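The values are calculated or read from the model by the stated rules, or taken from the named source; none is laboratory data. Please read all numbers here as calculations on a predicted model, not as lab measurements. Every residue, glycine as well, gets a Cβ built from its backbone with ideal geometry; the counts of neighbours run over all protein chains shown.
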Amino acid sequence: MKKFNFPLDTVLNYKDQVLENLKTEHAQILAGIAQQEKRIEELMEKSRLATVRYREDTLCGVTVNIMREYERYITFVQQRIVSEQGVLLKMKKKEEQKRTEVIEAKKEKASIDKLKEKKMDQYNKDMLKSEELFIEEFVSNTMSVRSSR
């Protein structure tokens with residue numbers, strides 16, 4: 001009895017490796033996005049705290065130089081927020097592209113898996129038929145031998 005052999009097994013293994021690599025890359029991008037979002041939140045908190053301190057200090061009366069320093073710092077932090085949001089936007093586009101690649105790789109692998117499954121089913125049916133034929137021949141030969149005696 002011959003063993004089932006799927007000629008596209010090497011392709012299937014390759015597609016599986018590609019899919020796993022893409023999933024890993026996608027996970028890394030998602031982790032980077034989470035880090036970037038955290039960085040933006042921290043900057044927003046710094047900006048909020050600086051604005052609160054600025055208001056409190058202006059009520060108490062501070063010099064013009066200190067007020068300018070607060071304003072420069074708040075402006076700087078807000079510019080950093082905008083810059084970091086731009087980075088986040090690029091990362092999200094990259095994540096979307098990678099997600100599309102993962103989906104395509106899953107489709108390719110699934111189509112080869114389906115083909116393998118169909119071939120395996122056909123193989124099993126053929127093996128079943130060949131076993132049935134063997135049994136029929138065996139029974140027929142056994143009956144012929146008994147009747148000739």
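I'd like the full set of residues that are more than 28 Å from residue 15 (Cα to Cα), in contact (Cβ under 8 Å) with a residue 24 or more places away in the chain and basic (Lys, Arg), limited to segment 62-103.
Answer for segment 62-103, where residues must be more than 28 Å from residue 15 (Cα to Cα), in contact (Cβ under 8 Å) with a residue 24 or more places away in the chain and basic (Lys, Arg): just 80.
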Point to revise | Test: residue 77 is among the aliphatic types (A, V, I, L, M), more than 22 Å from residue 5 (Cα to Cα), surrounded by 11 or more Cβ atoms within 10 Å (Cβ to Cβ) and modelled with pLDDT under 90 | key: no
Revision key, fill the gap. Within segment 8-27, of all residues that are of a type in the set (Val, Ile, Thr) and touching a residue at least 60 places away in the same chain (Cβ under 8 Å), the one nearest to residue 111 (Cα to Cα) is 11
Check your understanding: Of the numbered conditions (1) surrounded by 11 or more Cβ atoms within 10 Å (Cβ to Cβ); (2) within 42 Å of the chain's Cα centre (by Cα); (3) over 30 Å from residue 23 (Cα atoms), residue 128 satisfies every one except a single condition; which is it?
Key -> (1)
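Conditions (1) surrounded by fewer than 15 Cβ atoms within 10 Å (Cβ to Cβ); (2) more than 44 Å from the chain's Cα centre (by Cα); (3) in a helix (DSSP H, G or I), marked per residue:
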position	(1), (2), (3)
49	yes, no, yes
56	yes, yes, yes
67	yes, yes, yes
84	no, no, yes
110	yes, no, yes
137	yes, yes, yes
Practice item. Output the number of the condition that residue 34 fails; it satisfies all remaining conditions of (1) within 30 Å of residue 132 (Cβ to Cβ); (2) in a helix (DSSP H, G or I). Key: (1)
